[in-house]
Every structure is written in C-alpha cells, then in structure tokens.
Amino acid sequence: MIFRSIKNQPSVQLNDIIKYCEEYFVKYDINKIIDILFKQKGMSKDIWGCYPHSGRCIEIYYLPLIIFSNLKGINIEFAFLKVLVHELAHAYHHLGKDKDKRFWDQFPSADLEITEGLAQ
C-alpha cells in the first residue's frame, strides 16, 4: 500500500497529513467545513476524486477523505481504496467495449446518474 512502511505502520507522510488536518480543525469551525463539503445536495460532485475524461488519469482528493474518515470512524485505507475502485470503474466504462464490441463514445455526455450508477 502506498501509505504503509515495511513494518505496516503509517508512513511519515500520512502522519503529517493527519496532523495537518487535526490542526486545521482546531483553527477553523469543523461544522462549517462539514456543511460546505458534505451537505450541499447536488453541489458535492467529485468531492472524493474524479476521472477526467480528457486526462485519462484518476485523481483522489485526500483531504476530504481524511476529514470524512475521521468524522465517521472509517479506516482511511478503505476510503482511499473505495474511491480508487469507483474512479477505475469510470475509466473502464469510458475506455471499454460493450458486449457487442461497440465503444461508448457518448460517455462524456451521458447522464450523470447513469455513469455514477454504473460506477457504484
């Protein structure tokens, strides 16, 4: 795993990120951050990560994942893996063929509920 050392302990980088987040929570109002990040229906698209169709790469946004994981008591590695698998599903849908060997060339313009539903 990217964030693990040989002895299966969190790496220095992950500990630094967690420390930064904890200091951030002390400095700023955590409830306001939660409202902005997680409670705006329809406004929280791509909060965990994204698959930009043009870039053909996957982006994972670690800060919101760390915040949410800490708030909900979820293992951070599980959260990262869940987002990675979801975004990989988008990539496979975008680049893959269907059972009739046709490409889905309309993927970028497909309805958001369809593409997100397939990735889930």
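The values are calculated or read from the model by the stated rules, or taken from the named source; none is laboratory data. Given the structure is predicted, the values throughout are model-derived calculations rather than measurements. With ideal geometry, Cβ positions are generated from the backbone for all residues, glycine too; neighbour counts draw on all protein chains shown. Remember, those area values only see protein heavy atoms, side chains included, never the ligands or the DNA or RNA. Shrake-Rupley method; radii C 1.70, N 1.55, O 1.52, S 1.80 Å.
Residue pairs whose Cβ atoms lie under 6 Å apart, sitting 6 or more positions apart in sequence or on different chains, and linking a residue in region 92-120 that is more than 19 Å from I58 (Cα to Cα) to a partner that is hydrophobic (A, V, I, L, M, F, W, C), are K97/F103. Restricted to region 50-93, and to residues there that are open to solvent by 30 Å² or more (accessible area, probe 1.4 Å) and small (G, A, S), the residue that is modelled with the highest pLDDT is G73. What about Y51, is it free of Cβ contacts under 8 Å to residues at least 24 places away in the same chain and either in contact with a Gly (Cβ under 6 Å, 6 or more places away or on another chain) or hydroxyl-bearing (S, T, Y) (or both)? It is false that Y51 is free of Cβ contacts under 8 Å to residues at least 24 places away in the same chain and either in contact with a Gly (Cβ under 6 Å, 6 or more places away or on another chain) or hydroxyl-bearing (S, T, Y) (or both).
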